[in-house]
Every structure is written in structure tokens, then in C-alpha cells.
Amino acid sequence: MQGELPDGLLEAFDAYEAALAANDQEALSDAFENDPDALRADAGGLLRGHDAITGFRARRSAVPLRRIVELHVRVVDPSNAVVVSVNAPAAGGRGVVTQLWRRSWHDHAWRIATAQVHAPSPIFDTRIWRVVGAPLVAGADEGSLLGETVAVKDLFAVAGVRIGAGVPAYLEGQADQQFNSPAVQALLDDGASLIGIAQTDEFAYSIAGRNSAYGTPPNGVVPGAISGGSTSGPASAVALGHASIGLGTDTGGSIRVPASYQGLWGLRTSHGAVRKTDVLPLAPTFDTVGWLTRDAGLLGRAAAATLTGVSAGAAVLQRDVEPRFVVDPRLLSSVTPDVREAFWAVLPALGLEPEEVELGDIAHLYELFRIVQAAEAWKSHGDWITANPGSLAPDVESRFHFGRSVTASQEADARADLAQQREQLDQVLDGRILLLPSAASAAPSLSSTPAEFDVLRSQTLGLTCIAGIGGYPAVSAPLMTVPGGPVGLCLVGPRGTDLALVALAAGLA
């Protein structure tokens with residue numbers, strides 16, 4: 001201790017520790033200053049303001065049992081003191097918490113103005129990773145990706161490891177894979193090493209990143225926000241610096257949305273550009289392989305290693321693309337006002353003057369996509385879901401049950417209409433690049449209600465389904481920022497222009 005301890009300070013500290021142990025939300029809220037400048041920081045990032053801190057607390061369970069083993073107080077003046085405590089969690093290790101406590105002038109109670117929390121380091125974060133190694137699989141001794149590390153979405157076959165698809169009950173029934181997926185092998189052949197198998201949303205049927213069994217991977221740039229899915233684990237691993245490349249899939253936005261939410265570069269490839277052998281399907285008509293990185297150059301190298309590599313069995317010939325751009329203003333009607341404003345502001349800032357086009361009835365396009373995706377998802381996993389009721393989160397299970405309700409005639413009609421709509425998109429776009437936001441909003445808060453998540457999901461899928469319907473490649477470039485965090489600018493190009501599209505987007509940046 002340093003200086004004479006002010007009355008009530010230690011009592012306030014003890015009361016705060018007791019509230020943590022009891023998960024007393026009201027007491028925890030009152031323990032922090034009700035001030036927009038209150039601060040709380042940990043390994044996940046910085047929270048600013050009483051509302052943000054209280055919201056974070058409301059989403060957490062009780063702090064694991066711990067005891068205080070050291071307590072140091074440095075009195076600044078009668079109304080300000082720094083308290084540093086060392087705690088010993090029952091699970092082992094040591095944690096350190098540094099707090100600035102201030103005495104309120106109106107009720108004389110001590111409250112926390114600033115807190116820095118250092119928790120014991122976990123073996124690995126199971127919200128992000130299912131299996132890790134050092135490395136799990138070493139890459140070749142040479143290649144353009146030498147020294148790079150890969151987080152693989154838990155849908156890809158890796159020899160000697162089971163596929164879990166984000167569902168513990170499914171994982172239990174699986175055998176070790178005998179071969180690497182071609183998309184995995186292509187990265188290994190070019191020198192990258194596989195660090196681990198990263199988490200995904202349950203059967204990849206979500207774009208939120210939440211998983212009812214493993215938890216929500218942390219957003220690497222927006223603390224307290226969702227990570228985006230279903231390539232959630234690889235995206236968080238890349239954003240947090242655990243890996244340099246995230247290998248994932250994109251059916252309805254599962255590369256582009258987490259890229260947008262976490263300020264990453266992401267590429268959804270042309271349909272059929274990468275062989276999907278030994279990749280667990282969701283909806284094969286729309287499923288594609290893709291990558292996430294922190295910079296455009298690495299995205300281009302990862303894509304080139306796969307799209308031109310022998311191991312990947314690329315089936316789509318890569319070609320150039322003309323830098324001609326279009327927008328459909330109606331796509332902006334469903335995005336949040338701040339995203340709309342940022343989108344229209346970034347185009348002239350990048351020197352872009354896109355021509356306006358009309359893609360058709362966007363709501364109808366999304367409904368066709370939804371019907372075919374759901375019908376195929378049920379065909380992919382319906383038998384297992386029927387045999388294992390209650391194994392999925394309610395929102396994911398409801399999507400599969402919708403797929404079960406789609407009749408054969410409804411699916412056939414939707415497919416026929418979808419083929420016509422795809423031809424119409426080809427004619428309207430005419431080889432030009434469509435510009436749009438990668439998501440309808442910045443990353444939503446973890447405290448958002450299920451209804452709020454559903455609204456944003458539908459709004460975002462209304463944007464992302466365009467590339468799926470057309471089988472087009474799409475790049476999410478982290479070129480926009482709104483008050484809630486980063487938002488990607490999406491470039492959707494003609495089929496087979498994947499590498500040229502990445503290069504073009506990198507040039508804009």
C-alpha cells in the first residue's frame with residue numbers, strides 16, 4: 001500500500017470482486033462510472049463508455065472462481081487511487097487487473113474509471129480453434145507462400161483429422177480423413193503451413209459467427225461485436241494474428257461477411273474454380289472456396305497458388321477483366337444509413353464513376369436463392385439432423401426445417417427461374433464489375449436480439465446472394481469505415497476473373 005487508504009476504497013473493491021463471482025449485473029454496472037469516457041481493456045480490445053462496458057458484462061457468465069493473492073494500492077489523492085490486484089483462478093495461472101478508482105462527488109461512492117484486465121493465457125481459444133499444432137501440417141520447403149500460416153475452416157478434409165462442421169455431436173461420429181482436400185493441399189504445396197482447424201457456424205448455415213456449442217469467435221477489431229460467419233474461426237484467427245491466411249467456404253456470404261466485419265481482405269471464387277472434393281457441402285449450387293488475409297498481396301498469392309496450382313484442380317480458366325464499374329442503387333435501400341453514406345462517399349474518393357444499372361427484383365432473387373439453398377442444405381444434412389434432434393441451435397435448425405418443407409415442384413420451379421435470372425444478370429452486367437457493400441451494416445453487437453440478427457441477416461443476404469446466383473467471384477476489400485467498425489467494399493466480377501479482380505481491388509486500395 002502507498003499512502004493512507006481513503007475510507008471505503010477497499011470495501012468497494014471487495015464488493016466488486018463479490019459481484020463478479022455472483023455475476024450480479026446490477027452491481028457490476030454500478031461499479032463503473034456512468035460516463036462515456038469510462039474504459040475497460042483486455043486481450044480482446046478496448047471498450048469505451050459505461051453502456052458498452054455494461055453490455056459486455058451482460059453477455060458474460062460469472063467469472064471463474066478465483067482468489068486475490070496480491071493487492072497493491074497507490075493513492076493519487078483523496079478521490080483517486082490506482083489498484084493493482086493479482087488473482088489466482090481455480091483453473092490455474094495468474095491474472096492481473098489494474099484499475100483507476102474515483103470517488104464520486106455526488107454520492108461519495110468509489111467507482112472504476114479505467115480497468116485493464118490481463119487474464120491467464122489459455123492453451124488455445126476454443127471459440128476460434130478446434131485443433132491446433134505447431135504446425136499441424138508443415139508446408140513445402142519452397143513456394144510463394146513460404147512462412148505463411150493457415151487456419152482451415154472445419155469443413156475441409158485434413159489427413160489424420162476429423163471434420164466437425166461446428167457440431168460436437170457430428171464430430172463424434174466421424175472418422176479421421178485419409179487425404180487433404182485439394183484446396184488445403186494447394187496451399188501446402190506452395191509453402192504455407194497449416195496451424196490448425198478453425199471453428200465454423202453449425203454446418204456453415206449462418207453468416208453471424210455464433211455457435212451454440214463452442215461460442216462466438218471474438219471480432220479481432222470490434223470488441224463486443226460478432227465475428228461474422230460461417231468462416232468465423234479462420235476470420236478471427238487472421239484478424240487476431242494467429243494465422244496469416246484463412247481458408248474457408250462461401251455459400252451466401254461466408255467469406256465476405258466476416259471479412260467485412262473484421263476489416264479483412266476476402267475472396268469468394270467463381271463457382272467451380274476450385275475443386276470441392278473432400279469439403280463438406282451445404283448447398284452445392286452456391287458453395288465455393290475462398291480465402292481471408294490481412295493484406296491484398298497475400299490474398300492474391302493464396303488465390304494464385306490454388307487457382308493455377310495442379311493440386312487444386314482448377315476448372316475455370318482465369319482471364320483478365322476490364323475496369324468498368326456499375327451499381328444498382330436499389331441494393332443500397334436495405335443497408336444501414338451509415339453504410340449507405342460511406343458507400344457513396346468512397347466511390348469518388350477511389351476515382352470511381354460507376355454506371356447505374358437495374359439487376360431486377362432483388363427481393364425475388366433472394367427468395368429464389370433462399371429456396372434452393374435450403375432445399376440443398378436439407379439434402380446434404382437432413383438425414384443426420386433427423387437422427388440427432390436437438391443438436392443444433394434453434395435458428396440454424398429452423399433453416400434446415402424450412403429446407404425440409406420445400407417440395408420437389410417448388411425446388412424445380414425455383415431452379416428454372418434461377419437459371420433465367422442468372423442469364424439476365426449476365427446480360428445486365430455485360431462483363432462489368434458490380435460495386436456494393438459486402439454487408440448491410442458494420443458488425444452487430446453480441447447483445448443484439450435474435451430479431452435484430454434476423455433482420456440484418458436478410459438485409460445482408462440480399463446483397464451477397466447476387467454473386468451466388470451468378471456464380472461470380474467477389475472480393476471484399478476493407479475500404480470503408482462507419483462508427484460501428486469496418487465495412488467491406490465488394491467487387492463482383494465476371495466468372496473466371498478471380499485473380500484479376502483481386503489485383504484490381506488491390507490497386508484501388
Query raised in the report: Length gain on complete extension for the stretch Glu172 to Asp430, per 0.36 nm per residue less the alpha carbon to alpha carbon distance?
Result: 88.1 nm
Query raised in the report: Relative to the longest principal axis of the chain, what angle (0 to 90°, nearest 10) does the C-alpha long axis of helix 394-405 take?
Result: 20
Report task. Calculate the spin-label point distance for Glu367 paired with Arg422, positioning each point 7 Å from the Cα along the beta-carbon direction, and give it in nanometres. Result -> 2.1
Report summary line: Short to long, in 5 Å steps from zero, the percent of alpha-carbon pairs of region 101-191 per bin is 3, 10, 16, 16, 12, 9, 6, 5, 5, 5, 6, 4, 3, 1
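Report the rotationally averaged projected area of the chain based on its alpha-carbon convex hull, in square nanometres. Display every interim value, and only then the final one.
Working: hull surface 100.9 nm².
Dividing the Cα hull surface by four gives the mean projection, 25.2 nm².
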Report task. Taking amide H positions as placed in the peptide plane 1.01 Å from N, state which residues far from Leu39 in sequence (5 or more) or on other chains have amide H under 5 Å from it. Result -> Gly49, Thr114, Ala115
Report task. Please list 416-426, 219-229 highest first by mean number of surrounding beta-carbon atoms within 10 Å per residue. Result -> 219-229, 416-426
Query raised in the report: Taking θ as phi - 60°, what are the ³J(HN,Hα) couplings along region 5-20 by the Karplus curve (6.51, -1.76, 1.60), each to the nearest whole Hz, with x for Gly and Pro?
Result: 6, x, 4, x, 5, 5, 4, 5, 4, 4, 5, 5, 4, 5, 5, 4
Query - His118/Glu358 FRET efficiency (R0 45 Å; Cβ-Cβ; nearest 0.05) - result: 0.25
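In percent, how large is the relative contact order of region 9-118, given Cα pairs closer than 8 Å and 6 or more residues apart? Before the final figure, lay out the partial values.
Details: 198 pairs, mean separation 26.8, N = 110.
For region 9-118, the relative contact order is 24 percent.
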Query raised in the report: Measuring from label point to label point, each 7 Å out along Cα→Cβ, what is the Ala451 to Phe402 span in nm?
Result: 1.8
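Note down the magnitude of the dipole of region 9-118 about its Cα centre, charges +1 on Lys and Arg C-beta and -1 on Asp and Glu C-beta and zero elsewhere, to the nearest 20 debye. Present the calculation step by step, with values, prior to reporting the outcome.
Details: 12 positive and 14 negative charges, 87 e Å.
Around 420 debye, computed over region 9-118.
Could you tell me the relative contact order of the chain? Use alpha-carbon pairs under 8 Å, at least six residues apart, and round to a whole percent. Before the final figure, lay out each step's value.
On the way: 1186 pairs, mean separation 67.2, N = 509.
So the answer I get is 13 percent.
Shape of region 6-145 from its Cα gyration tensor (a ≥ b ≥ c, root eigenvalues): rounded if a/c is under 1.5, otherwise prolate when a/b > b/c, or oblate? Mind showing how you got there, number by number?
Values: a/c = 2.35, a/b = 2.12, b/c = 1.11.
Prolate, since a/c reaches 1.5 and a/b exceeds b/c.
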Report task. Give the residue from Gly300, Phe156, Leu508 lying farthest towards the positive end of the charge dipole for region 124-509; charges sit on Cβ (+1 for Lys and Arg, -1 for Asp and Glu) and the dipole is referred to the Cα centre. Result -> Phe156
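Please give the calculated 222 nm ellipticity per residue for the chain, where each DSSP H segment of at least 4 residues contributes -39500 (n - 2.57) and the sum is spread over every residue; nearest 500 deg cm²/dmol?
On the way: 14 runs with 174 residues, N = 509.
Helix contribution divided over all residues of the chain: -10500 deg cm²/dmol.
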Query raised in the report: For helix 450-470, what angle does its Cα long axis make with the longest principal axis of the chain, in degrees from 0 to 90 and rounded to 10?
Result: 30
Query raised in the report: HN-Hα J couplings of region 256-268 from phi, Karplus 6.51/-1.76/1.60, θ = phi - 60°, integer Hz, Gly and Pro as x?
Result: 5, 5, x, 4, 5, 5, 10, x, 10, 8, x, 10, 9
Report task. Quick one: check the C-alpha center-to-center distance for region 182-202 versus region 406-450, whole angstrom. Result -> 28
Report task. Beta carbons within 10 angstrom, averaged per residue: use that to sort the peptides 466-472, 109-115, highest first. Result -> 466-472, 109-115
Report task. Step through the residues of region 104-117 one at a time and calculate ³J(HN,Hα) from phi using the Karplus curve (6.51 cos²θ - 1.76 cosθ + 1.60, θ = phi - 60°), rounding each to whole Hz and writing x for Gly and Pro. Result -> 5, 6, 8, 10, 6, 7, 7, 9, 7, 9, 8, 9, 10, 10
Query raised in the report: Once the principal axes of the Cα atoms of region 98-257 are found, what is the range along each, listed largest first in whole angstroms?
Result: 67, 35, 27
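A short reminder: the numbers here are calculations on the coordinates, not readings from a lab. All of these numbers come straight from a predicted model, not from anything done at the bench. Cβ: placed from backbone, ideal geometry, glycine included. Neighbour counts: every protein chain shown.
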